[in-house]
Each structure stands twice: as structure tokens, then as C-alpha cells.
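The values are calculated or read from the model by the stated rules, or taken from the named source; none is laboratory data. Small disclaimer: the values here were computed from a predicted structure and weren't measured. We place every Cβ from the backbone using ideal geometry, glycine too, and count neighbours over all the protein chains shown.
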Amino acid sequence: MAQNSIDTILAHSIVIIPAFNEEKSIGRIVACLRENFPALDVLVVNDGSMDQTAEVAAAAGARVLSLVNNMGYGVALQTGYKYAFANVKYRYCVQMDGDGQHNPADIPKLLAPLAEDRADLVIGSRFVSGKNGYTIPFARRAGIWFFRTLVQLFTSNKIKDITSGLQAYNRKVLARYTSDEMPYYYPDADVLILLIKGGFRVIEISSPMNGNIHGKSMHNGVWSQVYYVTIMVLSIFVILLRGLGKHDAR
């Protein structure tokens, strides 16, 4: 894709980064985005952080929206979705985590299929190429396999990385993301089922990730993982029971 085409796409795109207590990594991420993609807008949703996340992100060049309390990953994302959807300038959105795991250099690769109308949602996948930048703990790999199997069972779509926090999508997906029926607590496999059953085109591209530089995760701890699995299964059940997502993409 020609450089001028890339610049045009970036000028109509925004990166949404939900962040909770990420002062050690968020400045580097935002600075990298601003340096390499100056036409790309960067929004950090500060999810009630108790450190200097908001100040560091703003100093690096991001627009910052701060939630008064820690509302959770899904609510922070919803805040970013609604901000982006309210601005008709943005034809495309990229979401990435604030812990430094994702490679900003992959953003043009994620946006290209959207601009070429080959996809509505593009997932940056750790598993497409078979190579990854870190070892995923066994319990998490088992969880990914379990929900990957559910997605394939209910949609016939063989998505490998159903928990990737690196995604790009167009305004049709963004409109769906801001709807009232959208699951927002842990938007992962349940959201993919909702979109695919609604006729949205979902593809993966290779994007190896680094280990979390803080060694932490929203799913650390046995009870946290049990809670995540329970909430996700219930959310998928509700989506299937209500028949959500039928013929919405067109």
C-alpha cells in the first residue's frame, strides 16, 4: 500500500488504549505511536488509576479521558468506543492494551484489510504464525482453547486468538460496539460470536506479542480466572438464547 494511502487511513483512525495503573509503560507506548504515526489520534482511557497514568499519557501526546473510579476493562473500552463513534472523522479504530505487550508497528497491517474492504474486524493474533514473544501460562492457554472451541462450535469460524487485545475495526463494528446489547464486562469470545453471527467479517493477521512488563494481568489468580470463565460462559449463553447479532452487518 502506498505511503500516501497509509497516511490517509491513519488520518481517519484512532487508537483506543484502556489503562489502569500503567504509568511505567503508557508513556513509551504513546510516544512511539506519536513518533511513528503522527497523523494517528491516540486516546487513553484512564480507568481510575491510582498512579500517574493520566499525566504520563497526556505528557506523551495522548488525549486522555479519566474515569473517576476503576470500572474495569470493558467499561473503559466502551468509553473509548463512544468517544470515537461520536466523531465522524474516525472511519477506523484500533484498540490495544496499555501494558506494552502489543507492537505499534503492526497497526498499518491491521488497518489495511479494513481500508480495502476485506474485513470489518481484524485481530492481531499471537497464533497465526506459530511464533510469539513470550510463553503463555498453561491455565490461560487452556482457557483460550476452550473459548476458541466454543466460537468455532457456534459460528464455524476458526479464530485462533479469541482473547487478543489488539484489534482494528470499521465504523459498522464500532456502531455495534456502542449498542446497549453489547457485552462490556470482558468483551472477548462473546463479542466475537455476536459479530460473526451478525454477518461481520472477522479475520486474523500475525502479530506476536511481548510479555507483560509488569508481570500482571486482569486474570491473575485462580478466583479471577474462575470468575472470568463463568461470566464469559453466561454471556455467550445469553447471546445464543436471545438470538442476538442476526443479519446486522449489512
Is it fair to say residue 65 is in contact (Cβ under 8 Å) with a residue 60 or more places away in the chain and either of a type in the set (A, V, I, L, M, F, W, C) or touching a strand residue (DSSP E or B) at 6+ places or on another chain (Cβ under 6 Å) (or both)?
no
Is it the case that some residue within region 131-148 is polar (S, T, N, Q) and closer than 30 Å to residue 8 by Cα?
no
Under 6 Å by Cβ, and 6 or more places apart or on different chains, what pairs join a residue from region 123-150 that is charged (D, E, K, R) with one that is at pLDDT 90 or above?
126/161; 148/162
Complete set of residues in region 89-105 that are modelled with pLDDT of 95 or more and over 12 Å from the mean Cα position of the chain (by Cα)
89, 90, 91, 92
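What do you reckon, is residue 184 buried (at least 17 other Cβ atoms within 10 Å of the Cβ), among the aromatic types (Phe, Trp, Tyr) and modelled with pLDDT under 95? Step through it out loud before you land on a result.
Numbers: buried (at least 17 other Cβ atoms within 10 Å of the Cβ): yes; among the aromatic types (Phe, Trp, Tyr): yes; modelled with pLDDT under 95: yes.
The answer is yes for residue 184.
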Among residues belonging to region 157-176 that are at pLDDT below 95 and among the hydroxyl-bearing types (Ser, Thr, Tyr), point out the one that is surrounded by the most Cβ atoms within 10 Å (Cβ to Cβ).
164
Which of the residues belonging to region 81-98 are in a helix (DSSP H, G or I) and either β-branched (Val, Ile, Thr) or surrounded by fewer than 21 Cβ atoms within 10 Å (Cβ to Cβ) (or both)?
82, 83, 85
Residues that are modelled with pLDDT under 95 and over 16 Å from residue 104 (Cα atoms), at least 2 per element: which helices (runs of 4 or more DSSP H) completely within region 1-80 meet that?
3-11
